[in-house]
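Derivation of every value follows stated rules applied to the coordinates shown; laboratory data play no part. A quick note: this is a predicted structure, and the numbers were derived from the prediction, not measured. Glycine gets a Cβ as well: all are built from the backbone with ideal geometry, and neighbour counts include every protein chain shown.
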Amino acid sequence: MTPTSTAAENKRVAVFPGSFNPFTVGHADIVCRGLELFDRIIIAVGINTAKHTDGGETLLEPIRRLYAGNSRVEVASYSGLTVDFAAERGARFILRGVRSAKDFEYERDMAQINRQLSGIESVLLFSKPEYAAVSSSVVRELRAFGHDVDIFLPKPDDSTDI
Ligand code: ADP
């Protein structure tokens with residue numbers, strides 16, 4: 001950081017990338033705790049343009065609604081490399097969550113590659129024990145079998161400005 005850096009450059013912006021299909025209480029907890037570390041978080045929903053014919057709007061819309069009252073959180077879609085998206089948006093950090101040793105191995109490799117590619121640092125937060133078993137894939141499966149999945153989905157209270 002040089003003494004001539006502008007206020008905007010000094011802001012700590014992190015991209016929180018993922019599939020978020022759907023966005024769960026575990027994801028919301030990572031955003032909430034990430035806001036203690038960063039000035040702004042961009043929740044970046046990775047879109048496969050061939051698969052998401054609506055541009056991912058069905059995934060993005062509930063997350064946007066959740067954070068509508070939080071000026072420090074932005075919700076965006078992207079396709080391509082996360083580090084390219086982060087650089088485009090002036091973010092120097094990637095935020096990720098770790099639930100298990102399996103997540104850890106994967107996240108460590110990705111963090112290493114991303115830093116080599118771009119110098120962008122990854123910040124990993126361990127999930128709270130009560131959320132460690134929550135995954136989007138479990139929520140999708142329960143939904144497919146007609147189960148109520150409300151307990152796994154964040155409420156507006158989980159997203160207020162801190
Ligand atoms: P991806 O397909 O990129 O893993 P996900 O939407 O599954 O996308 O997850 C996005 C990020 O959130 C990942 O870093 C993942 O480890 C983390 N994550 C997912 N579920 C939880 C949870 N229950 N607690 C904490 N972190 C989580």
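Taking the charge dipole of the chain about its Cα centre, with +1 at Lys and Arg Cβ atoms and -1 at Asp and Glu Cβ atoms, the residue from Gly56, Ala91, Val139 reaching farthest to the positive side is Ala91. Between Lys11 and Phe126, the modelled label-to-label distance comes to 3.2 nm, taking each label 7 Å out from Cα in the direction of the beta carbon. Taking amide H atoms as placed 1.01 Å from N in the peptide plane, the amide H of Arg12 lies under 5 Å from those of Asp39, Arg40, each 5 or more residues away in sequence or on another chain.
Stretched out straight at 0.36 nm per residue, the stretch from His147 to Glu88 would grow longer than its current Cα-Cα span by 17.3 nm.
Give, rounded to the nearest 20 debye, the magnitude of the charge dipole that the chain has about its Cα centre when Lys and Arg contribute +1 at Cβ and Asp and Glu contribute -1 at Cβ. Intermediate results must be reported in sequence, preceding the final value.
On the way: 19 positive and 22 negative charges, 46 e Å.
Using Cβ point charges on Lys, Arg, Asp and Glu, the chain gives about 220 debye.
Within straight-line reach of Lys102, meaning a Cα separation under 20 Å, sit the following lysines at least 8 residues removed in sequence or on another chain: Lys128. Ordering Val138, Val31 by the number of other Cβ atoms within 10 Å of each residue's own Cβ, fewest first, gives Val138, Val31.
For a quick check: sort Phe104, Phe16, Phe85 by the number of other beta carbons within 10 angstrom, fewest at the front.
On the way: Phe104 13, Phe16 25, Phe85 20.
Arranged by neighbour count, lowest to highest, Phe104, Phe16, Phe85 become Phe104, Phe85, Phe16.
The residue among Gly119, Tyr106, Ser79 whose Cα reaches farthest toward the positive pole of the charge dipole of the chain, with charges on the beta-carbon of Lys, Arg, Asp and Glu, is Gly119. Sorted fewest first by neighbouring Cβ atoms within 10 angstrom, Phe23, Phe38 come out as Phe38, Phe23.
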